[in-house]
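**Student:** For reference, the structure I am asking about is given below.
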Amino acid sequence: MEPLFYPLLLDDFSGLPTCCAISADIDPLCDDADAYAQKLQQAGGKAGRINEPGLVHGYLRARHCSDKTKRSFERICQGLVDVAQFR
């Protein structure tokens, strides 16, 4: 597997860009998002983390018809603003 497509395979997480790792609680990628954010932070990088409890992968498609997903989208937007200010 190629680290470009699965960055958790990297040996060195230093010097990587700031990120906001976003996941849904019921998502096969949830643990990977958490692990990536932790590895960045352990390497001295900056990473925000947002996990949405009770939601599934792809839930953002419902952001216009569900209050819960709309609020999540707003948190994600704010999280990206926060990460942009980490510099």
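**Student:** For the peptides 16-24, 40-48, what is the packing order when you average, over each peptide's residues, the other Cβ atoms within 10 Å and list the highest mean first?
**Tutor:** Values: 16-24: 18.4, 40-48: 16.4.
Ranking, from highest mean packing down: 16-24, 40-48.
**Student:** Go through the stretch 55-65 residue by residue and turn each phi into a ³J(HN,Hα) via Karplus (6.51, -1.76, 1.60, θ = phi - 60°); whole Hz please, and just put x for glycine and proline.
**Tutor:** 9, 10, 3, x, 4, 5, 4, 9, 5, 9, 10
**Student:** Where does the charge balance sit around P7 when Lys and Arg score +1, Asp and Glu -1, over other residues with C-beta under 13 Å from its C-beta?
**Tutor:** Here the count lands on -3.
**Student:** Determine the calculated [θ] at 222 nm for the chain from helices alone, applying -39500 (n - 2.57) to every DSSP H run no shorter than 4 residues and normalising by the residue count; nearest 500 deg cm²/dmol.
**Tutor:** -11500 deg cm²/dmol
**Student:** Treating only the Cβ atoms of Lys and Arg (+1) and Asp and Glu (-1) as charged, compute the dipole magnitude of the chain about its Cα centre; round to the nearest 20 debye.
**Tutor:** Dipole of the chain, to the nearest 20 debye: 460 debye.
Laboratory data are not the source of any read-out in this text; all were calculated from the coordinates shown. Just so we're clear, the structure is a prediction, and the values are computed from it rather than from any experiment. Positions of Cβ are backbone-derived with ideal geometry, glycine not excepted, and every protein chain shown enters the neighbour counts.
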